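Colleague: Please see the structure below; I have some questions.
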Amino acid sequence: MDEGRRSALKKICFTAAGVAGGIPLLGTVRAASRTIAAQHAAAPQTKQLAMVVDMANMTDEIAHACIEICHREHNVPKSDDIEREIKWVWQEEFDRAFPDQFHGQMAEAYEGMPVLLMCNHCDSPACVKVCPTAATWKRKSDGLVMMDMHRCIGCRYCVVACPYGTRSFNWKDAEQSVETTYPARSRGVVEKCNFCAERLRVGEIPLCVTVSQGTLTFGDLSDPDSEVSELLRAKHTITRKNALGTGPNVYYIVEDKLRERPRHGE
Amino acid sequence: MSDKPIIFAGLAVFLVLATFPVWYTFGSSLLFSTDAGPPDLAAPAGALKFSLPASAGDGDMLGRLRQEFAAHQLPALSSGAVLTEDELMGVWRIVDGEMRYLVRPDADLGTLNVYDGCVEDFEYMRSNHMILLIEWRDGVIRDGDTSQVEINGLPYAKSLTKTCLQCHNDREAFCYNCHQYANALPAWPARSQSTMNGEVGVRCWNCHIQPEAEANDG
Amino acid sequence: MANKTGSHVLVDRDHLMKPITQTSGGYFLLVFLLFLGVAWGAFAWIWQLSNGMQVTGLNNTVAWGVYITNFVFFIGISHAGTLISAILRVSGAEWRRPITRAAEAITVFALVLGGSQVLFDIGRPDRAMNVFLYGPLQSPLLWDLICISVYLLSSLFYLLLPLIPDMAIMRDHHAVTGWRKELYRILAFNWDHNPEQKRRLEKAIAILAVAIIPIAISVHTVVSWIFGMTIRPMWHSTILGPYFVVGAIFSGIAAIIIAMAILRKVYGFEDYLKPLHFDYLGLLLLTMTALWFYFTLAEYITTGYGGLLEELEVFESKMTGAYAEMFWAMVIFMIIAFFILSFARSKWPVGATVSASVFIVIGMWIERYTIVVPTLNVLEGRGYHPAIYWPSWVEIGITFGSFCGFALLYVLFAKLFPIISIWEVEEAEEALEERLEHMKTYLPTGTTATAER
């Protein structure tokens, strides 16, 4: 009897250990194969909104207009503290934005060249994986990486996990601006670009696209006839840190760069 | 034992510290509370029942009131006078289970109330508005739900600020009054910040746009 | 009473209970000072709660700092108890007996303080319940929550179970009166020293000892996975799990050595915590130092040799860049500890192991810091501004308060409960004879092996 119970206990323990070890292992294997499959798939199966940034025709004026309208309408507080400023869309130099696409021979043309950056709304977002409250999640209906400002506990795990630096923490209380109806954020939560989800809801396109003079193209990747799909088929585009496997959905057109833009330093 | 009093004193200090949140809540309710009694839900005498048809997507309460006054040929307008904004400013109150817009007494209109209907009946909304709001929010934000709700047969967006607050635009009457009474307030430190600032303990308007401010701007 | 080896185990119960039955003025002064430290930490935390995270030195580039460092460090220290009580128990190291209680107390209190660090770190602690309400299992923080809760609970049991016979001894002691007698009566669970009770207790402890080892390993593995599961340079490393476990046991031993030395000096426990204990623990510490060096070398040499661009940026910041001072200070501290343990341990077992332990505890805190912070403070295409992170007075205050709180809990524990397990030391006499019998079974006895079977 005692032996029987013991062996039964052992069986239970081994089963539990097997389940505890096996399920995460299986989950990891499944996630890995899906990531690889997604990387090679022509188009996503479900709606995935994406942005194509035409760096060839983007100028500083356009970029500043995009940043300005986004930050004003989304109540992003202005800050003189460069280390703690909140940014949804911002400019960064090419060699910092694309460290794995840059080499010394490109230096003259590309070093220091500003690039417009924003949240990539990745296929497999590092921030969503780590969030302990699901305050940030990948929305199935349109593929946006969303934020719930009422649920976020401010652990900043997403800030440290995001390899693109798109996330900012609210170090102090923001003030509601009178210029816009978009709610501000309380201190202690993390925020980022939301592809203007509040505008998409009422059938409008993101704010930055409206002032981009055609250098930003926005649309659904799963639709082969969408503007972004056609553009991606026609042009050579790159994404940030492609090798990380996060599957960024902000694409950059680099061709014609040297022809279209004055070289850096001139 | 000789160190007994000291140990007891230490235990007492520990107990005070451990139960600090309880004392803090109790103390702050005494010190900072602006409204300790139950919310005033009584109907003013002589309230005039007055129904206002909803116009979808239109948040301009003032304009709608003006139209209604004209349509019903109310005294103030039938005599040719134009109501000023000041005269139309009033407060919302719950009267006989309905939301009513009460024009200020000195507006010389008698007492007037406006009831627009709501997405659910009054009883449901009083006890379950928070559940409804969370369901709306999770649906819209999390699942990309774009469906609309109906009020008086007209479609409205599932939105607190764009739909609810267009009518329930007096936070003193609609939010603070009951939330204060039910002590349904944000946790520390959010609460202490606002109570110490002389507000009533909700910080919604630190982030969300205030209906009044919107009305004044627009 | 003499046993077959001719030695005596003589436990002076009154002496072991002295910390409980007698309280000096120095004790009150110590408690008061520690309380002041905790009060400063509490003030700093209230200041942070009232003014928001802007009062820390953190920023969007270095979003995690000393709180997370403290978290990893305290969880590491908590492995003291597991090592001493569980691993040494399972492996039958008899000399562990006087150290078990002191080690298990470190485990419990370090876990409490370590867990609190997360609360200090988050921007909206008022919403901490959201982790329980909505937490998705895919987040490594959830794994931590589960593992650390299980570990805290099992460690608490592992502290309380062996306390039962001692509680009975305390309950029956003449010097104990009043509310404390009542407390001991409750915690003794009607223990009356009968063999059946003892058999069951021993069995329960044995099961717990085996169970707690994988739990402890899981705890520090998932703590490392907070970093390891991300795709950030020098965090995303397969070695991080075992590296953290080794570091945890390493710093745990150092912590228990320091605690032992203080108890020995303050309470005059020289007869119970002998140089031999320090010598043995020092030897273990030396092994762990070597193991730590091996892991560190393996980690850094593969990173540096492989030379992935992102990783090299972090690597360089540690080798020659902004974090070089801290990194090399850590290495030098460990080298000093290694040489002290190698060459001075046999001559001055107590002094050498204690001073090495101090170097190791500080070195391990720096190690945690140089794992958490440098990875964040690189550009490597994140497009953030380079940032200088230096903890503010608030972070230092909360850290100081946490360490004082840890010490305060420990000091108060030693005031209420015998910090050296009385019954386990007394029982060593019987165990000694059992050991001797056991030894005979594997020593040559003159008969042939086949005949023995």
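Colleague: Suppose the filter is in contact with a Gly (Cβ under 8 Å, 6 or more places away or on another chain) and farther than 19 Å from C:Y267 by Cβ; does C:S78 pass it?
Modeller: yes
Colleague: Restricting to region C:275-295, what's the tally of residues that are touching a residue at least 40 places away in the same chain (Cβ under 8 Å) and of a type in the set (V, I, T)?
Modeller: 1
Colleague: Separate question: Kindly list the number of the only condition in (1) more than 22 Å from C:N130 (Cα to Cα); (2) modelled with pLDDT of 70 or more; (3) surrounded by fewer than 17 Cβ atoms within 10 Å (Cβ to Cβ) that fails for B:C175.
Modeller: (3)
Colleague: Only one of C:I340, C:I366, C:I371 is within 14 Å of chain A (Cβ to nearest Cβ) and surrounded by 21 or more Cβ atoms within 10 Å (Cβ to Cβ). Can you tell me which?
Modeller: One residue alone meets the criteria, C:I371.
Colleague: When you scan region B:142-152, how many residues do you find that are part of a helix (DSSP H, G or I) and either open to solvent by less than 50 Å² (accessible area, probe 1.4 Å) or farther than 14 Å from A:R201 by Cβ (or both)?
Modeller: Looking only at that region, the number is 1.
Colleague: For A:A56, indicate whether it is aliphatic (A, V, I, L, M) and in contact with a Lys or Arg (Cβ under 6 Å, 6 or more places away or on another chain).
Modeller: yes
Colleague: Which one is least open to solvent (accessible area, probe 1.4 Å) among residues in region C:176-206 that are aromatic (F, W, Y) and farther than 12 Å from C:L161 by Cβ?
Modeller: Filtering first and then ranking leaves C:Y184.
Colleague: Please report, ordered by residue number, the helices (runs of 4 or more DSSP H) entirely within region A:140-234 with at least 3 residues that are in the same structural domain as A:H64 (by TED's automatic domain parsing) and crowded, with 23+ Cβ neighbours inside 10 Å.
Modeller: A:157-161
For every residue, the table says whether it meets (1) within 17 Å of the chain's Cα centre (by Cα); (2) crowded, with 16+ Cβ neighbours inside 10 Å.
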| position | (1), (2) |
| --- | --- |
| C:A259 | yes, yes |
| C:K265 | no, no |
| C:L273 | no, yes |
| C:L297 | no, no |
| C:L312 | no, yes |
| C:E325 | no, no |
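Colleague: For region A:122-139, give me each residue that is facing another protein chain (nearest Cβ under 9 Å) and either surrounded by fewer than 20 Cβ atoms within 10 Å (Cβ to Cβ) or of a type outside the set (A, V, I, L, M) (or both).
Modeller: Across region A:122-139, the qualifying residues are A:K129, A:C131, A:P132, A:T133, A:A134, A:W137, A:R139.
Colleague: So, in region A:94-121, how many residues would count as being out of contact with any His (no Cβ under 9 Å at 6 or more places or on another chain), assigned to a loop (DSSP other than H, G, I, E, B) and away from every other protein chain (no Cβ under 11 Å)?
Modeller: Selection size over region A:94-121: 3.
Colleague: Among the residues of region C:57-91, write down those that are of a type in the set (S, T, Y) and part of a loop (DSSP other than H, G, I, E, B).
Modeller: C:T61, C:S78, C:S91 - these are the residues of region C:57-91 that are of a type in the set (S, T, Y) and part of a loop (DSSP other than H, G, I, E, B).
Colleague: How many residues, within region A:158-211, are of a type in the set (K, R) and more than 9 Å from chain C (Cβ to nearest Cβ)?
Modeller: Result for region A:158-211: 4.
Colleague: Considering (1) assigned to a loop (DSSP other than H, G, I, E, B); (2) in contact with a Pro (Cβ under 6 Å, 6 or more places away or on another chain), say which one A:Q91 fails and leave the rest.
Modeller: A:Q91 satisfies all of (1) assigned to a loop (DSSP other than H, G, I, E, B); (2) in contact with a Pro (Cβ under 6 Å, 6 or more places away or on another chain) except (1).
Colleague: Quick check, is C:L119 within 14 Å of chain A (Cβ to nearest Cβ) and either within 26 Å of C:E433 (Cβ to Cβ) or under 24 Å from the mean Cα position of the chain (by Cα) (or both)?
Modeller: yes
Colleague: Another question, if that's okay. Name every residue in region C:108-132 that is buried (at least 20 other Cβ atoms within 10 Å of the Cβ) and of a type in the set (D, E), in order of residue number.
Modeller: C:D121
Colleague: Please verify whether C:L133 is within 7 Å of chain A (Cβ to nearest Cβ) and part of a helix (DSSP H, G or I), treating the condition exactly as stated.
Modeller: Against the criterion (within 7 Å of chain A (Cβ to nearest Cβ) and part of a helix (DSSP H, G or I)), C:L133 does not qualify.
Colleague: Let me confirm something: among C:A254, C:A248, which residue is assigned to a helix (DSSP H, G or I), in contact with a Phe, Trp or Tyr (Cβ under 9 Å, 6 or more places away or on another chain) and open to solvent by less than 20 Å² (accessible area, probe 1.4 Å)?
Modeller: C:A254
Colleague: Further question on the same structure: Which residues, counting only those in region A:59-93, are within 14 Å of chain C (Cβ to nearest Cβ) and acidic (D, E)?
Modeller: Answer for region A:59-93, where residues must be within 14 Å of chain C (Cβ to nearest Cβ) and acidic (D, E): A:D80, A:D81, A:E83, A:E85, A:E92, A:E93.
Colleague: Is at least one residue of region C:200-219 among the β-branched types (V, I, T) and touching a Gly at 6+ places or on another chain (Cβ under 8 Å)?
Modeller: no
Colleague: Next up: In this structure, does C:V112 turn out to be away from chain A (no Cβ under 14 Å), within 21 Å of A:I23 (Cα to Cα) and in contact (Cβ under 8 Å) with a residue 40 or more places away in the chain?
Modeller: Judged against the criteria, C:V112 is not a match.
Colleague: Let me ask something else about it. Which residue is most open to solvent (accessible area, probe 1.4 Å), if the candidates are limited to region C:207-241 and must be more than 24 Å from C:G252 (Cβ to Cβ) and of a type outside the set (A, V, I, L, M, F, W, C)?
Modeller: Selected residue: C:H236.
Colleague: Let me ask something additional. Give the residue that is most open to solvent (accessible area, probe 1.4 Å), with candidates limited to residues of region C:133-169 that are among the aromatic types (F, W, Y) and touching a residue at least 12 places away in the same chain (Cβ under 8 Å).
Modeller: C:F157
The values are calculated or read from the model by the stated rules, or taken from the named source; none is laboratory data. Model, not experiment: these values are computed from the prediction. Ideal geometry is used to build each Cβ from the backbone, glycine not excepted, and the neighbour counts take in all protein chains shown. Keep in mind that these areas ignore ligands, DNA and RNA; they rest on the heavy atoms of the full protein, side chains included. Shrake-Rupley method; radii C 1.70, N 1.55, O 1.52, S 1.80 Å.
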